[in-house]
Amino acid sequence: MAKHRYFSPSSCGFYSTVVHGQNLPADAVKITETEYLRLLQDQQEGKTIVARDGLPCAVDPDDDLEMLGQRNRVQRDRLLRDADWTQLPDSPLSPSQRAEWAAYRQQLRDIDLDRKLLESDWPTPPAGAA
């Protein structure tokens, strides 16, 4: 049996006919052995394999804008979730404290997420009650 390599954009996974037979994802695309080995080498060097236009691509996770945006959105969404309680009507915060938290939450929403963010780029939550 000839060995063929495939890449699935939906799972970002590699498949081989030797291991998987014909049980391949519907979106699997054939790649050469050379491409497969190059991508594995790139991954060993710290790059991340992503799907771009249905094909595998190795990117530096710190330089890739799409990946940075995704990571920043996850971080921002976590910070917003952690502060959700501050806006509930039964929160123990005073109206002025609630307004400070609302301003902080708006600062989080206003951040340009499609760039490399330093720790200092993220707004600082209001003091106390966090």
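The values are calculated or read from the model by the stated rules, or taken from the named source; none is laboratory data. Bear in mind that the values here come from a model prediction, so they are computed numbers and not experimental data. So basically every Cβ, Gly included, is an ideal-geometry build from the backbone, and we count neighbours across all protein chains shown.
Of the helices (runs of 4 or more DSSP H) contained entirely in the stretch 17-88, those carrying at least 3 residues that are within 30 Å of Ala99 (Cβ to Cβ) fall at 65-82. Inspection of the stretch 9-32 identifies no residue that is under 30 Å from Ala127 (Cβ atoms), within 24 Å of the chain's Cα centre (by Cα), surrounded by 11 or more Cβ atoms within 10 Å (Cβ to Cβ) and of a type in the set (A, V, I, L, M, F, W, C). With the structure loaded, tell me whether Asp53 is acidic (Asp, Glu) and assigned by TED's automatic domain parsing to the domain that holds Pro9 or whether it fails that test. So Asp53 fits the description; yes.
Looking at Leu68, Leu39, just one residue is more than 21 Å from Lys116 (Cα to Cα) and surrounded by 13 or more Cβ atoms within 10 Å (Cβ to Cβ), and that residue is Leu39. Checking each residue in the stretch 22-72 for being hydrophobic (A, V, I, L, M, F, W, C) and over 15 Å from Phe7 (Cα atoms) picks out Val59, Leu65, Met67, Leu68. Whenever a residue of the stretch 16-43 is within 20 Å of Cys57 (Cβ to Cβ) and at pLDDT 95 or above, its partners that are among the β-branched types (Val, Ile, Thr) and surrounded by 12 or more Cβ atoms within 10 Å (Cβ to Cβ), lying with C-beta atoms within less than 6 angstrom and at least six residues away or across chains, give the pairs Leu39/Ile49. Under the condition of being closer than 27 Å to Pro61 by Cα and surrounded by 10 or more Cβ atoms within 10 Å (Cβ to Cβ), the residues counted in the stretch 81-105 number 2.
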